[in-house]
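The values are calculated or read from the model by the stated rules, or taken from the named source; none is laboratory data. Please read these numbers as outputs of a predicted model, since none were measured by experiment. Neighbour counts are summed over all protein chains in view; Cβ atoms, including those assigned to glycine, are modelled from backbone coordinates with ideal geometry.
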Amino acid sequence: MLNLNPNDAVTYTPEQRRAIDNLMANRGSKKGKELWKKTGVDDVLKQTKNSIRYHLLNVQKVRCAYCECILGFGITQIEHIAPKWKFPEFLYEPLNLVLSCSDCNSLPKKGKQITIEGDAQTNYTDNEFKYVHPFLDDVDKEIKYRTLFRIRIDYEHCTEKGKATVDMFHWDTTHAEMKRFQNLLVRTTSRSRRKMIEEILGFKE
Ligand SMILES: [Zn+2]
């Protein structure tokens, strides 16, 4: 998971802020998904969604906030950490927005998980999150790896929250290891590639 700095969360221009406040003030009983779709008809909101994408692509260096894999070109799904269907109040909360890949966001994984414990607190950061939060937690303290290149998960040494996260995303599996390995290969020089392959092949349980 990317260890994101809260200072790097998206910021809104005064015009965007006004459009968001206006949408939220008049939301009535509309569900989060419906409100999010509104962006298709309102120019300022449409532009806001695009600026969120550009901002996060840069901050996340084109990687999924959860599994860190490189995002497919043109596929930039804005992901609500506290899901929009359950917590419409956090639809535009900057700390609630990241980009994720479709694998992490699929139904058997993050999908429709309710990520907040109990009732939502008005102030976003007052909420208790059930899973490791890329902006609010120190990811490296929560999720541990057995290998230098962060391919194999050290499940026993993860925190309880870290374990819940690994379970939710199915990260302690051969499939996930292969995905991390492939993504690292793309991003490394040939010298460290050789080291990485040696590490993986020489790894003893
Ligand atoms: Zn992912």
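Among the residues making up the range 163-179, those that are in contact (Cβ under 8 Å) with a residue 12 or more places away in the chain, over 15 Å from E68 (Cβ atoms) and in a helix (DSSP H, G or I) are A164, M168. Condition first: assigned to a loop (DSSP other than H, G, I, E, B) and under 10 Å from F87 (Cβ atoms). Now tell me which residues in the range 107-118 satisfy that. I114, T115, listed by residue number. Taken over the range 145-154, the criterion of being of a type outside the set (D, E) and either surrounded by 18 or more Cβ atoms within 10 Å (Cβ to Cβ) or more than 20 Å from the chain's Cα centre (by Cα) (or both) is satisfied by R146, T147, L148, F149, I151, R152, I153. Of all residues in the range 3-31, those satisfying the criterion of being closer than 15 Å to E89 by Cα and of a type in the set (A, V, I, L, M, F, W, C) are A19, I20, L23, M24, A25.
Within the range 98-119, the residues that satisfy the criterion of being surrounded by 17 or more Cβ atoms within 10 Å (Cβ to Cβ), of a type in the set (A, V, I, L, M, F, W, C) and without any contact (Cβ under 8 Å) to a residue 40 or more places away in the chain are C101, I116. Taken together, T122, T115, T76 contain a single residue that is within 15 Å of the ligand (Cβ to nearest atom) and either closer than 19 Å to F169 by Cα or in the same structural domain as G28 (by TED's automatic domain parsing) (or both), which is T76.
Among the residues of the range 68-85, those identified as in a loop (DSSP other than H, G, I, E, B) and in contact with a strand residue (DSSP E or B) (Cβ under 8 Å, 6 or more places away or on another chain) are C69, L71, T76, I81, A82. Candidates in the range 53-62 are the residues that are touching a Leu at 6+ places or on another chain (Cβ under 6 Å) and within 11 Å of A9 (Cα to Cα); of these, the one that is surrounded by the fewest Cβ atoms within 10 Å (Cβ to Cβ) is Q60.
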